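Okay, so here's the structure we're looking at.
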């Protein structure tokens, strides 16, 4: 069994308040959960209105499946015009 953790640091291009940030992130988190069946939570930069850190995790018996899903999630986030990925890290346990 493998547990994968993807941590993504994001920059919001059009946020002007924490309320805007929460709206954008709530939408992203729900879409990632529904589309990729991954657990998602905001884990950092909670009080900064232009930055955010999200963590996503998956459990599978196939490490390749986790890597492919994380690659798809990164592509999905990059395709959204209101968010820019600053950095990301993938860890396997």
Sole miss for residue 69 among (1) over 22 Å from residue 1 (Cβ atoms); (2) in contact with a strand residue (DSSP E or B) (Cβ under 9 Å, 6 or more places away or on another chain); (3) not in a strand (DSSP E or B) is condition (1)
Scanning segment 52-79 residue by residue, those over 10 Å from the mean Cα position of the chain (by Cα), within 15 Å of residue 31 (Cβ to Cβ) and surrounded by 15 or more Cβ atoms within 10 Å (Cβ to Cβ) turn out to be 69
Would segment 1-14 turn up any residue that is free of Cβ contacts under 8 Å to residues at least 60 places away in the same chain and out of contact with any helix residue (DSSP H, G or I) (no Cβ under 7 Å at 6 or more places or on another chain)?
no
Any residue at all in segment 30-45 that is at pLDDT below 95, in a loop (DSSP other than H, G, I, E, B), touching a strand residue (DSSP E or B) at 6+ places or on another chain (Cβ under 8 Å) and exposed (fewer than 13 other Cβ atoms within 10 Å of the Cβ)?
yes
Residue count, segment 12-21, condition closer than 27 Å to residue 66 by Cα and surrounded by fewer than 16 Cβ atoms within 10 Å (Cβ to Cβ), comes to 0
What residue, of 81, 75, is at pLDDT below 95 and closer than 26 Å to residue 15 by Cα?
81
When every residue in segment 46-66 that is part of a helix (DSSP H, G or I) and touching a residue at least 60 places away in the same chain (Cβ under 8 Å) is compared, the one nearest to residue 2 (Cα to Cα) is 63
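The values are calculated or read from the model by the stated rules, or taken from the named source; none is laboratory data. The shown structure was predicted, so the numbers you read here are calculated from the model rather than taken from an experiment. Note: ideal-geometry Cβ built from the backbone for every residue, glycine included; neighbour counts use all protein chains shown.
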